[in-house]
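Rule-based calculations on the coordinates, nothing more; no lab input. Note that the structure is predicted; figures quoted are calculated from it, not measured. We place every Cβ from the backbone using ideal geometry, glycine too, and count neighbours over all the protein chains shown.
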Protein chains: 2
Amino acid sequence: MKRIGYVLVAVVAVVGGVAYMGFSPALAGGAASPVFDVEIPAGYRDWRLISVAHEEGNLNDLRAILGNDIAIQAYRDGKLPFPDGAIIARLAWNYVPSEENNKVFGRSQSFVAGAATNVQFMVKDSTKYAATGGWGFAQFNAGKPVDEAGLSGCYSCHVPVKARDFVFTRYAP
Amino acid sequence: MKRIGYVLVAVVAVVGGVAYMGFSPALAGGAASPVFDVEIPAGYRDWRLISVAHEEGNLNDLRAILGNDIAIQAYRDGKLPFPDGAIIARLAWNYVPSEENNKVFGRSQSFVAGAATNVQFMVKDSTKYAATGGWGFAQFNAGKPVDEAGLSGCYSCHVPVKARDFVFTRYAP
């Protein structure tokens, strides 16, 4: 069995005005999953809107994609790749029919945001996350981080949009 | 025929840091539609997110509801009625399936924001808009205001949610 040596390194980085602190294993000779160590950025619920979406199927949610100032500026400037410090947040809520709204419309057509499901982040740091297109990925379920194994598929799913710096969401005018 | 006298009054109001200017007819003894004179508030695209929604049917859109600082604060404080100066913006975009996203998910499930359809605003001014629950209503199609006749139904549609100060959208956690 190949030995994977971990050296714990304290990392304190200020990205987009948000301080992160975590322990990042320095991987020695292994094909281990990347370790992102992304914390919930303070104040992300106040960030500006990039766009909105709806996923059917198992997800069955309504979602909003928000960006910190660096991300929003890059979107509006049409600048790729996103600069270091850009953070994109994907919030999601259960997809809930609104009887209240339907009564007013006189037909069943209205769906609103219910309880929050989870929040995801993409954090740009071209050095720290060089192995994954410069992006660190994170998901929090009720404030609890999904472990690294749970994030191992994030990057590969984003590869099809490599030409847009691995970001699916387009800016809504 | 009942004579309706109009007196044009120049109105300059600063609501929530946004300067409005319009001409407001002072209605004399008529049951005329209210005249809202709401202009597009500068910088509304930068406002914070209240919630998201999807309307099927003729609307067939994805929408984001944003609030200026006064509106967001009132939402977060659970304060009703909304104070004067609160403005709520409803942006909407065509509901578009995303083939790009569907390929990644391996099934047809993803809908994203396409071209913008129209933008609506509710502006709280309990004096100016006393006849309509304290709210002025506006809609802009490609930047062009919908005329007063087109807005005459706004208030009556919002009456069913009078208990929430005539506002349908609840804050998404």
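Miscellaneous remarks
- Shape of the range A:36-173, Cα gyration tensor, a/c cut at 1.5: prolate
- Sorted fewest first by neighbouring Cβ atoms within 10 angstrom, A:His54, A:His158 come out as A:His158, A:His54.
- Proxy reagent accessibility, fewest Cβ within 10 Å first, across A:Lys124, A:Lys79: A:Lys79, A:Lys124
- Sites A:Asp77 and B:Glu56 - FRET efficiency at Förster radius 41 Å, r taken between beta-carbons, to 0.05: 0.75
- For the range B:42-173: relative contact order, % (alpha-carbon pairs under 8 angstrom, 6 or more apart): 20
- Lysine pair count for the range A:99-173 [Cα-Cα under 26 Å; pairs on different chains or 8 or more apart]: 4
- Taking the Cα centre of the range B:65-173 as reference, the dipole from Cβ charges on Lys and Arg (+1) and Asp and Glu (-1) amounts to some 280 debye.
- Positive-end residue of A:Tyr155, A:Phe166, A:Tyr129, charge dipole of the range A:118-167 with Cβ unit charges: A:Phe166
- Relative contact order, percent, the range B:101-173 [alpha-carbon distance under 8 Å, six or more residues apart]: 19
- Look at A:Leu66, B:Leu151 and count the other Cβ atoms within 10 Å of each Cβ; fewest to most, that gives B:Leu151, A:Leu66.
- Whether the range B:105-173 is rounded, prolate or oblate, judged on the alpha carbon gyration tensor where a/c under 1.5 counts as rounded: oblate
- Modelled FRET efficiency - R0 41 Å, B:Asn102 with A:Asp147, Cβ distances, 0.05 increments: 0.90
- Summary value for the range B:54-95: 49 percent relative contact order, contacts being C-alpha pairs under 8 angstrom separated by 6+ residues.
- Between the alpha-carbon centres of the range B:44-61 and the range A:109-123 there is a gap of 13 Å.
- Between this copy and the others, label points of A:Ser156 are 5.9 nm apart in ascending order, each placed 7 angstrom from Cα in the Cβ direction.
- The chymotrypsin sites (Phe, Trp or Tyr not before Pro) of the range A:43-145 include none that meets both criteria, a DSSP state outside H, G, I, E and B (loop) and at most 10 other C-beta atoms within 10 angstrom of the site's C-beta.
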